[in-house]
1. Looking at Tyr64 and the list (1) modelled with pLDDT under 80; (2) exposed (fewer than 10 other Cβ atoms within 10 Å of the Cβ), which single condition is not satisfied?
2. So is Lys114 of a type outside the set (Val, Ile, Thr) and loosely packed, with under 12 Cβ neighbours inside 10 Å or not?
3. Looking for something β-branched (Val, Ile, Thr) and within 20 Å of the chain's Cα centre (by Cα) - is there at least one such residue anywhere in the stretch 108-116?
4. Among the residues of the stretch 93-137, how many are without any contact (Cβ under 8 Å) to a residue 24 or more places away in the chain, of a type outside the set (Phe, Trp, Tyr) and farther than 30 Å from Ser34 by Cβ?
5. Within the stretch 31-48, how many residues turn out to be aromatic (Phe, Trp, Tyr) and at pLDDT 85 or above?
Amino acid sequence: MNNIYNNYQKLLKIKHHNYFLLIVIITLISVFISYISNYKIYDKFNTYGVYKNGAIILNVEMEYSDTLFENNILKINKKEVDYEIVSLSDLLFDKNINYQEVILKTKETYQENKILNLTFYYNKEKIFKKIINLVKE
């Protein structure tokens with residue numbers, strides 16, 4: 001018991017006159033939180049399309065068909081491009097999946113009948129707002 005008391009007395013005698021490390025840690029945490037609170041992210045969906053006759057033809061599920069009209073960002077093979085919707089088909093059904101055939105025009109040209117990796121970025125929001133929306137669901 002005496003040994004514990006001596007250790008406690010030694011701990012009390014340590015002088016904490018330098019709070020530099022604590023200030024640095026608090027500053028780094030506050031900078032990190034402020035950066036994260038202002039950082040904006042997108043929702044995205046990925047699909048594939050075929051380049052034919054100067055246009056990109058792709059099938060889009062009904063869940064994402066409205067997002068094409070919102071002037072969102074489109075990346076084709078990881079390169080950001082501007083696009084214009086040329087036509088949109090009626091509702092099609094295949095194996096219990098509802099989709100629409102969409103024809104897009106871009107300023108870029110590709111090899112005929114080439115399969116392209118298309119990623120649409122939409123719904124830009126701050127991270128905290130997205131987290132709050134996820135918790136609410």
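The values are calculated or read from the model by the stated rules, or taken from the named source; none is laboratory data. Keep in mind the model is a prediction, meaning the values are calculated, not measured. Don't worry about glycine lacking a Cβ; one is built from the backbone with ideal geometry, like all the others, and counts go over all protein chains shown.
1. (2)
2. On the way: of a type outside the set (Val, Ile, Thr): yes; loosely packed, with under 12 Cβ neighbours inside 10 Å: no.
When the stated conditions are applied, Lys114 does not pass them.
3. Taking the stretch 108-116 as the starting set, the residues that turn out to be β-branched (Val, Ile, Thr) are 109, 115.
Filter again for within 20 Å of the chain's Cα centre (by Cα), leaving none.
No, there is no match, as no residue in the stretch 108-116 is β-branched (Val, Ile, Thr) and within 20 Å of the chain's Cα centre (by Cα).
4. In the first step, residues of the stretch 93-137 are kept if they are without any contact (Cβ under 8 Å) to a residue 24 or more places away in the chain; the result is 93-96, 129, 131-137.
Within this subset, residues satisfying the condition of being of a type outside the set (Phe, Trp, Tyr) are 94-96, 129, 131-137.
Now restrict to residues that are farther than 30 Å from Ser34 by Cβ: 94-96.
Number of matching residues: 3.
5. Quick first cut of the stretch 31-48, residues aromatic (Phe, Trp, Tyr) only: 32, 35, 39, 42, 45, 48.
Cutting the leftovers down to at pLDDT 85 or above gives us 32, 48.
Count: 2.
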